[in-house]
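The values are calculated or read from the model by the stated rules, or taken from the named source; none is laboratory data. Owing to the predicted nature of the structure, the values given are computational and were not obtained by experimental measurement. Counting neighbours? That spans all protein chains shown, and the Cβs are built from the backbone with ideal geometry, glycine included.
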Amino acid sequence: MIQRSSALTAGAMTRAGQRSLREHNLSLVFSHVREAALDDPPSRADIADTTGLTKATVSSLVGTLIDAGLVVEGDPISSQRAGRPAIPLRLAESTVAALGLEVNVDFLGLRAIDISGRVLTESIARENLRGSEPEAVLGSLVHRVAHEVKALDRAGVRLVGASLALPGIADHPAGPLRLAPNLGWRDVDVRAVLASALKGLDHSAASARTLLHTLLVENLTTDNEANLAARVEIDAHKGSSFIYVSGEVGIGAAIVVDGRVFSGLHGWAGEIGHVAVDPAGPLCACGSAGCLEMYAGKRSLMEAAGLGDRSDVADLVSALTRGNKRAVGAVEAAADALGVALANCMNLVDVNCVVLGGDFAPLCDALAPGLMKQLSSRVLASRWVGSELSVRASTAGSYPAITGGAMAALDPIMANPASLVWG
Ligand SMILES: [Zn+2]
């Protein structure tokens, strides 16, 4: 539903200035196209009615957005009203996009998503990156990005940003990566490594080199993978509060309050995988002992279920469906450990809904009973929050952090299209 928001009045114009007035109104008009339901796209007249802007102003701003490749006109719709049929306005497809990139412990991922939310291209390379060298992995990422950027450029897509998801603590917005225990990476200046890899790239067109440098060095943002994955849930459940838990080889979390990620002073919050479940437990890659990852991380879970190193979550789901006792026991133990860790977090932050993402999403039905049992008994406020205390599976799909990363990289344009239109 569109919030009614007001245009700046002529009286305010002198304060805001001509340019900022135009920028403000451009954002306003764009927000009405952006936030409209897919089956109810607005016309110029609808936008004028809602914003209070004149029809001439709306028409001029819509024309600017169309010229910039941000908005397109649909087929005219006849209405009961007199006059010409209304022309619906929608977000343009395949014109303006951003890249979501991810380095995780068992894959390298890339996805380009346009402003309408369409995936234009994706590339997922599954490989074991435990104990890898940052230069080699990021060099490989640069090659993949260069290949895709070239294809998108040929297709006339304008790339406006890129975001890199990492499985560890990374300074937001621009790095460095402090620690990714499962990769074995420590103090990596990601953008400097990418810049150096770009120099070694054999690329004939100077314009392509400049674009890659802008995307991967100057404007690249970095963040923890769970924070970026949570971005997709935030978009689907606007204004909600939850703890997003990302189950991969490592386990990350994002604390979301009123639709915003609380990421701590440096962007390092959410390291739930290294919350101690049993201080006397097995040694973790982080150097501590008994961390949650040692009980509910993908490798620990697969091993406890009697599945091999190369197995994935689908194998575990099918073992559960067959009623395999070892698999059932492994998931129950993981649910207990996850419940203990999450109850500790909830007691601290007063957020009562858990969203299970990554490999935990398809396991949600199996994990939820044990998890809820722990939460109900350990979260002090459980008796007062009622049905707020809940566990649900993320609907963000596979590799949500690269989707969330691309969305985050599009945010500045979505909020302020003038930066694209007028520079
Ligand atoms: Zn640990």
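Being within 16 Å of the ligand (Cβ to nearest atom), within 25 Å of residue 398 (Cβ to Cβ) and touching a Gly at 6+ places or on another chain (Cβ under 9 Å) is a property that residue 301 has. Return the residues of the range 279-291 that are assigned to a loop (DSSP other than H, G, I, E, B) and more than 8 Å from the ligand (Cβ to nearest atom); say none if nothing qualifies. Hits for the range 279-291 are 279, 280, 281, 282, 290. In the range 309-335, the qualifying residues are those that are closer than 17 Å to residue 370 by Cβ and in a loop (DSSP other than H, G, I, E, B), and the one that is nearest to the ligand (Cβ to nearest atom) is 324.
Within the range 377-408, the set of residues being of a type in the set (A, V, I, L, M, F, W, C) and either in contact with a Gly (Cβ under 6 Å, 6 or more places away or on another chain) or not in a helix (DSSP H, G or I) (or both) comprises 379, 380, 381, 389, 391, 393, 396, 402, 406.
Taking the condition within 23 Å of residue 231 (Cα to Cα) and either part of a helix (DSSP H, G or I) or in contact (Cβ under 8 Å) with a residue 12 or more places away in the chain (or both), does residue 306 pass?
Values: within 23 Å of residue 231 (Cα to Cα): no; either part of a helix (DSSP H, G or I) or in contact (Cβ under 8 Å) with a residue 12 or more places away in the chain (or both): yes.
No; evaluated as a whole, the condition is false for this residue.
For the range 236-251, filtered to residues that are modelled with pLDDT under 95 and part of a loop (DSSP other than H, G, I, E, B), the residue that is nearest to the ligand (Cβ to nearest atom) is 250.
Here is a yes/no grid of residues against (1) more than 16 Å from the ligand (Cβ to nearest atom); (2) part of a loop (DSSP other than H, G, I, E, B); (3) closer than 17 Å to residue 110 by Cβ; (4) at pLDDT below 95:
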{"residue": "163", "(1), (2), (3), (4)": "yes, no, yes, no"}
{"residue": "174", "(1), (2), (3), (4)": "yes, yes, no, yes"}
{"residue": "186", "(1), (2), (3), (4)": "no, no, no, no"}
{"residue": "207", "(1), (2), (3), (4)": "yes, no, no, yes"}
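In the range 293-350, of all residues being basic (Lys, Arg) and surrounded by 14 or more Cβ atoms within 10 Å (Cβ to Cβ), the one that is nearest to residue 241 (Cα to Cα) corresponds to 298.
In the range 35-45, how many residues are surrounded by fewer than 19 Cβ atoms within 10 Å (Cβ to Cβ) and either in contact (Cβ under 8 Å) with a residue 40 or more places away in the chain or within 20 Å of residue 78 (Cα to Cα) (or both)? Break it down into steps so the answer makes sense when it comes.
To start, the set of residues in the range 35-45 that are surrounded by fewer than 19 Cβ atoms within 10 Å (Cβ to Cβ) comprises 35, 37-40, 45.
Now drop any that are not either in contact (Cβ under 8 Å) with a residue 40 or more places away in the chain or within 20 Å of residue 78 (Cα to Cα) (or both), which leaves 37-40, 45.
The total comes to 5.
Within the range 165-178, residues that are of a type in the set (Lys, Arg) and surrounded by fewer than 24 Cβ atoms within 10 Å (Cβ to Cβ) sit with their Cβ atoms under 6 Å from residues that are outside any loop (DSSP other than H, G, I, E, B) and modelled with pLDDT under 95, at 6+ positions apart or across chains, in these pairs: 178/169. Scanning the range 342-373 for residues that are part of a helix (DSSP H, G or I) and within 23 Å of the chain's Cα centre (by Cα) yields 342, 345, 346, 349, 364. Being modelled with pLDDT under 90 and surrounded by fewer than 21 Cβ atoms within 10 Å (Cβ to Cβ): is that true of residue 201 here? For residue 201, the condition - modelled with pLDDT under 90 and surrounded by fewer than 21 Cβ atoms within 10 Å (Cβ to Cβ) - is met. Residue 393 falls short of the stated requirement of being crowded, with 21+ Cβ neighbours inside 10 Å and of a type outside the set (Ser, Thr, Tyr).
Quick check on this structure: which one of 61, 26, 53 is in contact (Cβ under 8 Å) with a residue 60 or more places away in the chain and not hydroxyl-bearing (Ser, Thr, Tyr)? Steps first, answer last, please.
Values: 61 fails: in contact (Cβ under 8 Å) with a residue 60 or more places away in the chain; 53 fails: in contact (Cβ under 8 Å) with a residue 60 or more places away in the chain.
The conditions single out 26.
On the stretch given as the range 1-39, residues that are within 27 Å of residue 407 (Cβ to Cβ) and modelled with pLDDT of 85 or more total 17.
For residues in the range 252-277 being without any contact (Cβ under 8 Å) to a residue 40 or more places away in the chain and within 13 Å of the ligand (Cβ to nearest atom), which is farthest from residue 132 (Cα to Cα)? Can you show your working first?
Residues of the range 252-277 that are without any contact (Cβ under 8 Å) to a residue 40 or more places away in the chain, as a first pass: 254, 258-261, 264-265, 269, 273, 276.
Next cut, within 13 Å of the ligand (Cβ to nearest atom) only: 273, 276.
Numbers: 273: 20, 276: 26 Å.
So the residue we want is 276.
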